[in-house]
Amino acid sequence: MKVLTAPKPMASVVRRQGMAKKSVAIRNRHIRKVVGLLLMMAVMALGFVWTRVCVIQFGYEVTKLHKGVQQLIREREKMVAEVANLKSPARLERIAQEHLGMRKPTGTEIIFVESKN
């Protein structure tokens, strides 16, 4: 024998539908929070990677500039040595004798000037 039960009131069905909508809203809110957190973490990770790339780039640039400075220092040292060679008294004397026809003065060609102190 079957027992007949009274049909469920419509109010309880409506209440259950409201709970389902609330749980969906809560789940959606939770999903939004998780997605927002993931996006924030992704932005922070990208920022970190970008700063590391910049640091590495600046390191390469500093190394390149340091090599350039070392090259300029070597060139300067060569030029200083060349200037010292060009100013040497032996070289100047040789050029004066060979190209300008100059010679060392003899003892009678030297005139001393006295100071008035």
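Values quoted throughout were computed directly from the atomic coordinates according to the rules given, and no laboratory measurement underlies them. All figures in this text were calculated on a predicted structure; none of them were measured in a lab. Cβ sites come from the backbone with ideal geometry, for glycine too, and all protein chains shown count toward neighbours.
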Original post:
What length, rounded to one decimal in nm, is gained on full extension from VAL43 through to ARG29, with 0.36 nm per residue of separation minus their alpha-carbon distance?
Top reply: 2.9 nm
Original post:
So, in segment 20-103, how many Lys pairs have Cα atoms under 29 Å apart, if the pair is 8 or more places apart or on different chains?
Top reply: 5
Subject >> √(5λ) per eigenvalue of the Cα gyration tensor, segment 20-103, largest first, Å >> reply: 79, 7, 5
Original post:
For ALA81 and ILE110, what is the calculated FRET efficiency with R₀ set at 35 Å and r taken between the beta-carbons, to the nearest 0.05?
Top reply: 0.55
